[in-house]
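Below you'll find the structure, written out as structure tokens, and then a few comments.
The values are calculated or read from the model by the stated rules, or taken from the named source; none is laboratory data. Fair warning: this is a prediction, and the values are worked out from it, not measured in the lab. Glycine gets a Cβ as well: all are built from the backbone with ideal geometry, and neighbour counts include every protein chain shown. Ligands, DNA and RNA are stripped out before the accessible areas are found, and what is left, the full protein with its side chains, is counted by its heavy atoms. Shrake-Rupley method; radii C 1.70, N 1.55, O 1.52, S 1.80 Å.
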Amino acid sequence: MDALDRVVKPKTKRAKRFLEKREPKLSENIKNAMLIKGGNANSTVTQVLRDVYALKKPYGILYKKKNITRPFEDQTSLEFFSKKSDCSLFMFGSHNKKRPNNLVIGRMYDYHVLDMIELGIEKFVSLKDIKNSKCPEGTKPMLIFAGDDFDVTEDYRRLKSLLIDFFRGPTVSNIRLAGLEYVLHFTALNGKIYFRSYKLLLKKSGCRTPRIELEEMGPSLDLVLRRTHLASDDLYKLSMKMPKALKPKKKKNISHDTFGTTYGRIHMQKQDLSKLQTRKMKGLKKRPAERKAEDEENKSKRIKKN
């Protein structure tokens, strides 16, 4: 039995709190990412991992030592690190003659590799090389995807889902305009993926809505898609399953249209409109002769019934 698979009983309150944090929850914790350097990583790959770690802080762990492993051939070491550091996302960097400047980005499900995609770095500009002001640590980015491939091709569709998972950060209920500080832009064009990072500048526009300008912040990457290891449709569907407790309960007799307007249906008993009290007007008031005729008709109906 693996040392991490055995049942561990906490001996202290601190250990108990630590294990409670790792227990399954209805609303899971923010996904952490581990950035691992391969056994033969060069300076370019190492700097890419450092820059991605700077964007992911404080929801990332950077392994500084080299780890000799090949994710597409043996995934046990990645699964071990995932369980040890409680990370469900990973980025692995390596370099060799066959696949130079190589990045593998992937995610875990139940501490096992769900899917991973291999990307090659063709051009790289570091955060340090672009001399502009940077965003503070822990800022939630805005993600923009441009290109038809992200919606048409299955590999690019999974890559888009993986990048959203990797960079989206914590889930928030409210958004403040001043909190929108930087943008991550991904463009799929002619078999390449262009990754750019911009800082958002709010300028005076003479009205209530500010004028927006984008200033390149870095890092900047030109990537090319290489190998893929995608989960089967059944496993992917299982990983996306929502617990019953979080599913919204269906409310009877309530419907919504395409614009989000709520409509309600009310069930009422049959009403006798003749007894409905309306506003009294002199013009609609009955004359004495009409009243006598109506009373005689009512008397005749009663006599017939008897």
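Overview of values
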{"item": "Flag if Ser43 is surrounded by fewer than 17 Cβ atoms within 10 Å (Cβ to Cβ) and either over 27 Å from Lys128 (Cα atoms) or among the β-branched types (Val, Ile, Thr) (or both)", "result": "no"}
{"item": "Filter pass, Asp233 being under 25 Å from the mean Cα position of the chain (by Cα) and within 28 Å of Lys56 (Cα to Cα)", "result": "no"}
{"item": "Subset tally (residues that are open to solvent by 60 Å² or more (accessible area, probe 1.4 Å) and more than 26 Å from Phe92 (Cα to Cα)) for the range 235-248", "result": "7"}
{"item": "The listed residue being without any contact (Cβ under 8 Å) to a residue 12 or more places away in the chain, open to solvent by 30 Å² or more (accessible area, probe 1.4 Å), polar (S, T, N, Q) and farther than 23 Å from Phe90 by Cβ, out of Ser173, Ser133", "result": "Ser173"}
{"item": "Of residues in the range 196-246 being at pLDDT 85 or above and β-branched (Val, Ile, Thr), the one nearest to Asp115 (Cα to Cα)", "result": "Thr228"}
{"item": "Conditions (1) in a loop (DSSP other than H, G, I, E, B); (2) surrounded by 10 or more Cβ atoms within 10 Å (Cβ to Cβ); number of the one not met by Arg227", "result": "(1)"}
{"item": "Selection count where residues are at pLDDT 80 or above and outside any loop (DSSP other than H, G, I, E, B), scope the range 247-275", "result": "6"}
{"item": "Entirely in the range 180-221, the strands (runs of 3 or more DSSP E) that have 3 or more residues that are under 23 Å from the mean Cα position of the chain (by Cα)", "result": "182-189, 192-203"}
{"item": "Flag if Leu273 is hydrophobic (A, V, I, L, M, F, W, C), open to solvent by 100 Å² or more (accessible area, probe 1.4 Å) and farther than 30 Å from Leu119 by Cα", "result": "yes"}
{"item": "Odd one out for Leu200 among (1) out of contact with any Phe, Trp or Tyr (no Cβ under 8 Å at 6 or more places or on another chain); (2) surrounded by 15 or more Cβ atoms within 10 Å (Cβ to Cβ)", "result": "(1)"}
{"item": "Only one of Leu89, Leu62 that is closer than 18 Å to Phe166 by Cβ, open to solvent by less than 30 Å² (accessible area, probe 1.4 Å) and not charged (D, E, K, R)", "result": "Leu89"}
{"item": "Conditions (1) open to solvent by 30 Å² or more (accessible area, probe 1.4 Å); (2) touching a His at 6+ places or on another chain (Cβ under 8 Å); (3) more than 30 Å from Asn174 (Cβ to Cβ): number failed by Ile144", "result": "(3)"}
